[in-house]
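Enquirer: Sharing a structure below in structure tokens format, with a few things to ask.
What follows draws every value from the coordinates through simple rules; no lab data is involved. This is a predicted model, so every value here is computed, not measured. Neighbour counts are summed over all protein chains in view; Cβ atoms, including those assigned to glycine, are modelled from backbone coordinates with ideal geometry.
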Amino acid sequence: LNIQIQYTQSTQGRLLIENLAGQSMHSEDLDLSPALQIWQVDVADWPAGVYVLSLQAEGSAPVVRRFVVE
């Protein structure tokens, strides 16, 4: 899974990926910045299904996206 983020300012953030049962599959603290950044999460061994990615930056509402592992 490739994640591209370009945030409006430099700040701390947290990336969280859960399955639909609410189990945490991955979490990571991030240093966000206005420069385009790319993170990679290895999902090759995860069971097939739908997952929810949430990015929470300090002082703002979380950004939530869903993705499918086949």
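Enquirer: Quick one: grab Rg to one decimal and Dmax as a whole number for segment 13-70, Cα atoms only, in Å.
Expert: 12.0, 34
Enquirer: Residues of segment 25-39 with the amide nitrogen closer than 15 Å to a label point 7 Å from the Cα of Arg65, along Cα-to-Cβ, please.
Expert: 36-39
Enquirer: Right, something else. Tabulate in residue order the Karplus-calculated ³J(HN,Hα) for segment 22-30, using 6.51 cos²θ - 1.76 cosθ + 1.60 with θ = phi - 60°, rounded to whole Hz; enter x for Gly and Pro.
Expert: Result, ordered by residue: x, 7, 6, 9, 7, 9, 7, 7, 10 Hz.
Enquirer: Go through segment 3-13 residue by residue and turn each phi into a ³J(HN,Hα) via Karplus (6.51, -1.76, 1.60, θ = phi - 60°); whole Hz please, and just put x for glycine and proline.
Expert: My calculation for segment 3-13 gives 10, 10, 9, 10, 8, 6, 8, 7, 6, 8, x Hz in order.
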